[in-house]
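One structure below.
The values are calculated or read from the model by the stated rules, or taken from the named source; none is laboratory data. Predicted, not measured: the structure shown is a model, and the values here were computed from it. Note that we place each Cβ from the backbone using ideal geometry, even for glycine, and neighbour counts take in every protein chain shown. Accessible surface areas use protein heavy atoms only, side chains included; no ligands, DNA or RNA. Shrake-Rupley method; radii C 1.70, N 1.55, O 1.52, S 1.80 Å.
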Amino acid sequence: MRTDPIRAARPLAAVSLALAVLAAGCTGAGQTGEGAEADLDVSTGVTDDTVTIGAHMPLTGPAAPGYSQISVGAQAVYDFVNANGGVHGRTIEYLAEDDAYDPTRTVEVTRELVHEDEVFAMVGGLGTPTHSKVVDFLNREGVPDLFPSSGALMWNDPEKYPLTYGYQVDYTKESKILGEYVSEEFEDAEVGYLLQNDDVGVDSQRGLDMYLQDQAVAVEHYESGAEDLSAQIAGLEQEGADVVVCACIPNYVALALLESARIGYEPQFITSSIGGDTVTLRGLLSSFAEQAGSGGDPDDFLNGLMTLGYLPPVELGGDDPWVEFLRGVYDEYGGDAPLSNTTVYGMVQAVQFVRALEAAGEDPTRASLIEALESLESGGPGLVPFSSTGEDRGGYAGGFITRYEDGELEMVRDPAVTDSAEGDIEPAEVDRPLPEDIGPLAQG
Amino acid sequence: MAPSTHRAPASDAGSTPAGSDPAASARRGPRSVPGHPLLGHPLLRRLLLAAAALAAVAAVTTATGPVTDLRVANAGLFLLAVAGLQVLVGTSGQVSLGHGAFMFVGAYTMALLVVNVPALPLAAGMAAACAAGCLAGLAVGAATARLHGPYLAGATLMLAVGLPAIALRFPDLLGGANGLGFSTIGAPPALAGLVDDTQWRAIVVWTVALIGLVVLATASGGRLGRHLRAVRDDPTAAALSGVPVGRVRVTAFVISAGAGSLAGACQAYVLGTATPSTYGLALSLVLLAALVLGGLGSLWGAFWAALAIVYVEVAGTELAHALELDTDVRNNLPVVFFGAVLIIVVLAWPRGVHGALSALGRHRSTPQQTGDS
């Protein structure tokens, strides 16, 4: 194009000028500096009769079917506590904001919760891709960031995130326990990994490889959002894996079970805790079968499945005081969906927060809440110890392994604890309080 | 902006069979402007308008809280993204379903620079993101310059679906499905107490967006704009008139991609995150749908589109939560709401919100000129 050079230069000059103005006095875009420490000696979100807390949750969108029960469970516990007088006379207002598992929305709703709703603390923000985008913000703003619903290792980093306290057993700890179990109980087997292609897969593989390096014959990955696993399952079958360890969310455990049944491949499946809720799996298998137009009992696929857990599984029923208690609370205050282990996950999260809030004293401040977390040393409802001290705030520190058969769970590996590094795996010694030992829960 | 709206009826109608002779519109442009007595004025007027808009944004953000600041910033960056798409679709007539991919390029360029070169000034990061987007636009434009209509749409669709997967392919560098998270600099210390961080970010985004808009308006108002419209209305006639059709099409892609990429960089800067799922096909389709809603052919259309993207979604979500519907319904209601608004607007005013407003304005001043369809 023949363009008048003076005219063409004009917008260019305008842009350069504007950019020069912007650049002047501009320090590096990534240099956020230390700034002033946020003041923790405040009780933002606490009034005379309420404590407001928030969470970002996928209430809609692709992740909702698996996880929306978590906030239902938590809400049921808070409703129960509120109906029985609250904590130190204050009721708990729980704001579960929908982020549809989209990190962009997470950033938006978290800012709303902190700036507009002025929450006292964030409790149970869900997901690694989502919560990792607000963990900096929460720590900078001085908002206690308790119990993210994710097993990423990054929540246990007191130096970088002094206000973040983990909850779920991290992916490396649980896969170490899985790895050791497989290497002991299936010592001659060839092992395949089925891993989600993100930090779940990376952190899990690190733990598995510590014990299964020599036995592993195949590593298959899937992308979160994929529609089928036929290539991955065919790959595992081709390499002759007799045991398949899954670090997958429930949707993909169900798909893996169905796909291997379809091609007549029958390995021993063992899943990590995130995909191990058999109640959720039963629901998924039924709905997949319904879509495919075939009937069939979900148990045909599920029988023999081994899963790692750290909370009391609902299948234990009346044999466990906490399951019995939580079932009672859920029946009264919960939703219509059956009580699942995912619901229990949210309920236990809420119980842990209630314990911390009670220990934070009559007039809680953010600083006293953080201090109170130290008193959660005992596992609470979980079957393994819970770490929330200054140096280690990894949450649940281990797990146990069960085997599913026709709606019943059999314990095949007793609760064990370990660390996220090279440390040994040791039997868990946990001092479980009973529901009636916890003030706000006992009033009922 | 304003001068093109006066000419818009004649040139816009060219996309319908009943429109004016495209070759004539192509000829008329180049001849009339060299003799234009007020050559310097459109740019000056645009800069003044931009300054006024920036002052308005500063005023709005001063009066409101951090959450509104964030929405205002979002509106600014979507304005820039849709304005870039406007040049491509509305002015050059090339339908792109892959505009979100250019936002992806900008967001990741910005994210990588902030993470790896924290000392780099923000303006340099923005410029780099814009340059990266222009390069991507050049590559895509050159590859697709011979395609038109559904073939072009198909090729750009591929871009929207495929490009974000690059982040999954290189998880060590690009963070895989989790994407990248980082903190960006807030308000300069000199302004502490006067503006807070979120307000400062909104102002920065609008500064970038308005500079981008001035460039886009200048480009599409001048000689290049006439070439673009000539190519859109009839490529053969344009070629016969001496317009280099291929080069003009590629230029449109480069400009549009640069704007989209800058918008993506703004988004990364405001939210401190870049994740592949944000820049999927849905984003590209929303940008295009919003453009149609706002009105094709004028940068004002992009303004209404940006407001629609930010506020119709918010309204839909709030409506869904207020009605306390079943999850499956609630899940889809914001999308349905957006779709319904789109259908109603397009049925009532085929040329979008801006078309409706400018028809209203013309009706008031010169009633006899309204019957252009």
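Listed here are the residues, each with its yes/no results for (1) within 20 Å of the chain's Cα centre (by Cα); (2) modelled with pLDDT of 95 or more; (3) under 25 Å from A:Y330 (Cβ atoms).
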residue: A:G85; (1), (2), (3): no, no, yes
residue: A:L95; (1), (2), (3): yes, no, yes
residue: A:D99; (1), (2), (3): yes, no, yes
residue: A:T106; (1), (2), (3): yes, no, no
residue: A:V109; (1), (2), (3): yes, no, no
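State all residues of the range A:113-127 that are open to solvent by 10 Å² or more (accessible area, probe 1.4 Å) and modelled with pLDDT of 90 or more; if no residue qualifies, say none.
A:V114, A:H115, A:D117, A:E118
Conditions (1) within 14 Å of chain B (Cβ to nearest Cβ); (2) among the hydrophobic types (A, V, I, L, M, F, W, C); (3) under 24 Å from the mean Cα position of the chain (by Cα); (4) in a helix (DSSP H, G or I), marked per residue:
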site	(1), (2), (3), (4)
A:A218	no, yes, no, no
A:D228	no, no, yes, no
A:Q232	no, no, no, yes
A:Y252	yes, no, yes, yes
A:F269	no, yes, yes, no
A:V279	no, yes, yes, yes
Criterion violated by B:G212 - all others in (1) open to solvent by 10 Å² or more (accessible area, probe 1.4 Å); (2) more than 19 Å from B:G137 (Cβ to Cβ) satisfied: (2)
Matching residues, the range A:102-115, being in contact with a helix residue (DSSP H, G or I) (Cβ under 7 Å, 6 or more places away or on another chain) and more than 8 Å from every other protein chain (Cβ to nearest Cβ): A:T106, A:T110, A:V114
Matching residues in the range A:206-247 - criterion: being open to solvent by less than 50 Å² (accessible area, probe 1.4 Å), among the polar types (S, T, N, Q) and either at pLDDT 95 or above or more than 20 Å from A:Y181 (Cα to Cα) (or both): A:S230, A:Q232
When residues of the range A:282-302 are limited to those that are closer than 23 Å to A:I401 by Cα and not hydrophobic (A, V, I, L, M, F, W, C), the one surrounded by the fewest Cβ atoms within 10 Å (Cβ to Cβ): A:D300
Count - residues of the range A:69-95 that are surrounded by 23 or more Cβ atoms within 10 Å (Cβ to Cβ) and either part of a loop (DSSP other than H, G, I, E, B) or of a type in the set (G, A, S) (or both): 4
Residue list for the range B:46-57, restricted to those being more than 13 Å from every other protein chain (Cβ to nearest Cβ) and either open to solvent by less than 30 Å² (accessible area, probe 1.4 Å) or charged (D, E, K, R) (or both): B:V57
Criterion (outside any helix (DSSP H, G or I), open to solvent by less than 40 Å² (accessible area, probe 1.4 Å) and modelled with pLDDT of 65 or more) met by exactly one of A:T44, A:T60: A:T60
Pick from the range A:268-281, criterion open to solvent by 20 Å² or more (accessible area, probe 1.4 Å) and within 27 Å of A:G240 (Cα to Cα), ranking: modelled with the lowest pLDDT: A:I274
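Out of curiosity, is A:D170 surrounded by fewer than 19 Cβ atoms within 10 Å (Cβ to Cβ), under 30 Å from A:Y78 (Cα atoms) and of a type in the set (D, E)? Let's see the steps before the verdict.
Numbers: surrounded by fewer than 19 Cβ atoms within 10 Å (Cβ to Cβ): no; under 30 Å from A:Y78 (Cα atoms): yes; of a type in the set (D, E): yes.
Criteria not met by A:D170.
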Residue within the range B:315-327 that is under 17 Å from B:L357 (Cβ atoms), free of Cβ contacts under 8 Å to residues at least 60 places away in the same chain and in a helix (DSSP H, G or I) present: no
Looking only at the range A:179-216, and only at residues there that are closer than 15 Å to A:F269 by Cβ and in contact with a Lys or Arg (Cβ under 9 Å, 6 or more places away or on another chain), the one that is nearest to the other protein chains (Cβ to nearest Cβ): A:L208
Number of the condition not met by A:V344 [criteria: (1) touching a residue at least 60 places away in the same chain (Cβ under 8 Å); (2) open to solvent by 20 Å² or more (accessible area, probe 1.4 Å); (3) β-branched (V, I, T); (4) more than 19 Å from A:S175 (Cα to Cα)]: (2)
Residue match in the range A:112-130 (condition: in contact with a Gly (Cβ under 8 Å, 6 or more places away or on another chain), in a loop (DSSP other than H, G, I, E, B) and free of Cβ contacts under 8 Å to residues at least 40 places away in the same chain): no
Single condition A:D392 does not satisfy, out of (1) free of Cβ contacts under 8 Å to residues at least 60 places away in the same chain; (2) acidic (D, E); (3) outside any strand (DSSP E or B): (1)
Filtered residues of the range A:381-399 (kept if surrounded by fewer than 22 Cβ atoms within 10 Å (Cβ to Cβ) and either in contact with a Pro (Cβ under 7 Å, 6 or more places away or on another chain) or not assigned by TED's automatic domain parsing to the domain that holds A:L357 (or both)): A:G390, A:E391
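Is it true that some residue in the range B:264-283 is farther than 27 Å from B:G162 by Cα, more than 11 Å from chain A (Cβ to nearest Cβ) and surrounded by fewer than 21 Cβ atoms within 10 Å (Cβ to Cβ)? Before the answer, list the steps.
Applying the first criterion (farther than 27 Å from B:G162 by Cα) to the range B:264-283 yields none.
No, the conditions are met nowhere in the range B:264-283.
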Pairs, first touching a residue at least 24 places away in the same chain (Cβ under 8 Å) in the range A:323-339, second surrounded by fewer than 19 Cβ atoms within 10 Å (Cβ to Cβ) and aliphatic (A, V, I, L, M), C-beta under 8 Å, six or more apart: A:Y333/A:A83
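When you look at A:K133, is it in a loop (DSSP other than H, G, I, E, B), free of Cβ contacts under 8 Å to residues at least 60 places away in the same chain, over 18 Å from A:Q349 (Cα atoms) and within 9 Å of chain B (Cβ to nearest Cβ), yes or no?
Working: in a loop (DSSP other than H, G, I, E, B): yes; free of Cβ contacts under 8 Å to residues at least 60 places away in the same chain: yes; over 18 Å from A:Q349 (Cα atoms): yes; within 9 Å of chain B (Cβ to nearest Cβ): yes.
Considered against the rule, which asks whether it is in a loop (DSSP other than H, G, I, E, B), free of Cβ contacts under 8 Å to residues at least 60 places away in the same chain, over 18 Å from A:Q349 (Cα atoms) and within 9 Å of chain B (Cβ to nearest Cβ), A:K133 comes out as yes.
The rows are residues; the columns are (1) touching a strand residue (DSSP E or B) at 6+ places or on another chain (Cβ under 6 Å); (2) without any contact (Cβ under 8 Å) to a residue 12 or more places away in the chain; (3) not assigned by TED's automatic domain parsing to the domain that holds A:G54.
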| residue | (1), (2), (3) |
| --- | --- |
| A:P144 | yes, no, no |
| A:P148 | no, no, no |
| A:L153 | no, no, no |
| A:N156 | no, no, no |
| A:K176 | no, no, yes |
| A:E180 | no, no, yes |
| A:F186 | yes, no, yes |
| A:Y193 | yes, no, yes |
| A:N197 | yes, no, yes |
Qualifying positions in the range B:104-123 - more than 17 Å from B:R201 (Cβ to Cβ), assigned to a helix (DSSP H, G or I) and hydrophobic (A, V, I, L, M, F, W, C): B:F104, B:V105, B:L112, B:V115
